[in-house]
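Down below is the structure, laid out as structure tokens.
Please treat every number below as a calculation from the coordinates, not as lab data. In this text the structure is predicted, and so the values were computed from the model without any measurement. Reconstructed Cβ throughout: ideal geometry from the backbone, glycine too, with neighbour counts over all protein chains shown.
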Amino acid sequence: MTTQTDPGHWQVIATTAQLDLPRPLLPVTLRGKPYVLFRDDAGALGLIGRHCPHRGADLCYGRLEDNGLRCPFHGWHFDRTGQCVEQPAEPEGSKMFTQIKVPMIPVEEINGEIRALVPEDAQ
Ligand code: FES
């Protein structure tokens, strides 16, 4: 017996023009869950959980840098996959960041629309 997972469905969440901002970052709610949509400094899109797993800061106020988003409170840095890639206040050599990830939803941009692949059980 095989088990199939639901691949989800593509849903338009914004237009390219909506993200054409000095800070290309928008709050998005999908299936009642908060996310932040952003375009990184290389032009690639990311859609990750909106609240930092450290103390819950709103990543919509984060800083766009190094192909990701840095939390405005204590500087944890997340890439477009939602993976934490840096924790500035941790001791040198700490790898704790490798255990930390926020939810991520795949996105694509086609003909001026930004679409997200929303799973039925979006986190
Ligand atoms: S609340 Fe985000 S790094 Fe502390």
>> What is the distance in Å between the Cα centroid of the stretch 103-118 and that of the stretch 9-81?
In response: 12 Å
> If we sort 46-54, 93-101 on the protection proxy, mean other Cβ atoms within 10 Å, highest first, what's the order?
Replying inline: 46-54, 93-101
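To make sure I understand, if each residue's beta carbon is the centre and we count other beta carbons within 10 Å, what order do W76, W10 fall in, fewest to most?
Going from least to most buried by this count: W10, W76.
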>> Contact order normalised by length for the chain, with contacts defined as Cα pairs under 8 Å and 6 or more residues apart; what percent is it?
In response: 28 percent
>> Taking loop as defined by DSSP and a crowding limit of 12 other beta carbons within 10 Å, which GluC sites (Glu not before Pro) in the stretch 35-101 fit?
In response: E92
> Rounded, prolate or oblate: which fits the chain when a ≥ b ≥ c are the square roots of the eigenvalues of the alpha-carbon gyration tensor, with rounded for a/c under 1.5 and prolate only if a/b beats b/c?
Replying inline: oblate
> Want the number for A89 to T29: 0.36 nm per residue separation, take away the alpha-carbon distance, what's left?
Replying inline: 18.6 nm
> What does the charge dipole of the chain about its Cα centre add up to, to the nearest 20 debye, if the Cβ of each Lys and Arg holds +1 and the Cβ of each Asp and Glu holds -1?
Replying inline: 320 debye
